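Worksheet: the structure to be examined is printed underneath.
The values are calculated or read from the model by the stated rules, or taken from the named source; none is laboratory data. Keep in mind it's a predicted model, so treat the numbers as computed, not measured. With ideal geometry, Cβ positions are generated from the backbone for all residues, glycine too; neighbour counts draw on all protein chains shown. Just so you know, the surface numbers come from the protein's heavy atoms only, side chains and all, with ligands and any DNA or RNA stripped out. Shrake-Rupley method; radii C 1.70, N 1.55, O 1.52, S 1.80 Å.
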Amino acid sequence: MSETPLVRVRGLSVEYRSRSGAVPALREVDLLLEPGDLLGVVGESGSGKSTLSNALRRLLPRSCRVTSGSVEIGGVDVAGLDPSGLRALRRDVLGFIPQDPIGSLDPTLRIGRQLRLALRPLGRPGDREALAGLLRGVRIREPERVLRLYPHEISGGMAQRVAIALAMAREPRVLIADEPTAALDAQVREEVLDLMVRLIAGSGAALVWVSHDLRAVRRWCTRVMVMREGEVVEAGPTEDVFGRPAHPYTRRLLEALAMTPAGGERENA
Ligand SMILES: Nc1ncnc2c1ncn2[C@@H]1O[C@H](COP(=O)(O)OP(=O)(O)OP(=O)(O)O)[C@@H](O)[C@H]1O
Ligand SMILES: [Mg+2]
């Protein structure tokens, strides 16, 4: 394939340094993403999922060191970007949906003002009608009322919709979401995931979605990456990974959810 992939991670290894020594967090991770790919990144706690999603945004903490490999977004090696290139990457190419939507909003500003401030550097109109339209796009009813509210006055599900609206307003080519619904209850979670995936799929961007929820990943993702102790133990199209898991670890994960290929429950997606 001669086309430049949207995301190409090659042999990426990183470690955190601590008083007790170096803790490897990613080991020789490879990843290729094309526009339209919806990737679910799964694996037990501490397997390196967040480290990978932060590495894509070049947002690893100082205590973390890349020991080998590279991350290219749209053919550009992120390690070589200067501060303005990095800002442009995060503003124009990558979108991010945080785990804690309310915590990611400024508690001192009304929702409308936060949206306006976010749109300004993009040269997008920030009048009331445009802002209300943004909220309607994430299926918020009574958008005019919500624009006047402060973050503590809205629910977690509503805040996550606002976060999705903010991320999508930038028309990202890659949306990264690290456990975006961990703070939401089950029904709201479904609605928010459905919304996120529809908007991303409709835009042709790629999604990197870190999740503990294998059922949701099976339902919505086109590709899956299974991580364990910093390694990718299995990756491929969703139906292959869930239907014919090659690695014992993936089988155990699926069995834990009673989602084994033989006789496991199926989603009525
Ligand atoms: N800031 C840090 N300092 C030291 N070690 C860290 C730091 N952040 C993560 N680690 C270690 O790196 C490894 C990978 O952590 P990471 O947070 O990427 O896992 P995760 O898959 O996102 O886990 P979870 O599902 O709990 O969010 C773990 O061993 C973790 O303890
Ligand atoms: Mg994590």
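Could you derive backbone 3J(HN,Hα) for segment 76-92 from the dihedral phi with the Karplus parameters 6.51, -1.76 and 1.60 (θ = phi - 60°), listing whole Hz in sequence and x where the residue is Gly or Pro?
9, 6, 5, 5, x, 6, 7, x, 6, x, 5, 4, 4, 4, 6, 8, 9
Can you give the FRET efficiency to the nearest 0.05 for Arg65 and Glu153, using r as the Cβ-Cβ distance and R₀ = 45 Å?
With a Förster radius of 45 Å, E is 0.60.
With springs connecting C-alpha atoms under 10 Å apart, model the chain as a Gaussian network and identify which of Leu193, Leu94, Leu117 has the largest mean-square fluctuation.
Leu117
Bin by bin, in steps of 10 Å, what percent of the Cα pairs in segment 51-133 do you find, going until the bin that has the longest distance?
With a bin width of 10 Å, the distribution comes to 14, 37, 31, 16, 2.
Sort out for me the Cα centre separation of segment 32-94 from segment 168-191, rounded to whole Å.
What the calculation gives is 18 Å, centre to centre.
When the Cα centres of segment 195-210 and segment 110-128 are compared, how far apart do they sit, in Å?
22 Å
What residues qualify as long-range amide H neighbours of Glu231, i.e. H under 5 Å apart, gap of 5 or more or another chain, H built at 1.01 Å from N?
Residues meeting the amide H criterion: Arg27.
With a 1.4 Å probe and every protein chain kept in, tell me what percent of the accessible surface of the chain is carbon plus sulfur.
So the carbon and sulfur contribution to the accessible surface is 48 percent.
Which value, in debye to the nearest 20, gives the size of the charge dipole of the chain about its Cα centre, when Lys and Arg are +1 and Asp and Glu are -1 at the Cβ?
Once rounded to the nearest 20, the dipole reads 780 debye.
Can you run phi through the Karplus equation (6.51, -1.76, 1.60; θ = phi - 60°) for segment 179-190 and list ³J(HN,Hα) in whole Hz, with x for Gly and Pro?
6, x, 10, 4, 8, 10, 7, 4, 6, 5, 4, 4
What distance in nm lies between label points placed 7 Å from Cα along the C-beta direction at Val76 and Glu239?
Here the answer is 3.7 nm between the modelled labels.
Please report, to one decimal in angstroms, the Kirkwood hydrodynamic radius of the chain built from all distinct Cα-Cα pairs.
About 19.5 Å for the chain.
Residue by residue, what Karplus-based ³J(HN,Hα) values in Hz, rounded to whole numbers, does segment 152-157 have, using 6.51, -1.76 and 1.60 with θ = phi - 60° and x for Gly and Pro?
Result, ordered by residue: 5, 8, 10, 6, x, x Hz.
For the chain, which longest stretch is free of loop sites, where a loop site is one of the trypsin sites (Lys or Arg not before Pro) that DSSP puts outside H, G, I, E and B and that has at most 15 other Cβ atoms within 10 Å?
In the chain, the maximal stretch lacking such sites is 149-265.
Which whole-number percent gives the relative contact order of the chain, counting Cα pairs below 8 Å spaced six or more residues apart?
Answer for the chain is 25 percent.
How large is the accessible surface per residue of segment 7-232, computed with a 1.4 Å probe and reported in Å² as a whole number?
On a per-residue basis, segment 7-232 sits at 46 Å².
Name the residue farthest towards the positive end of the dipole of segment 147-188 from the options Met168, Ile154, Ala186, assuming +1 on Cβ of Lys and Arg, -1 on Cβ of Asp and Glu, about the Cα centre.
Met168
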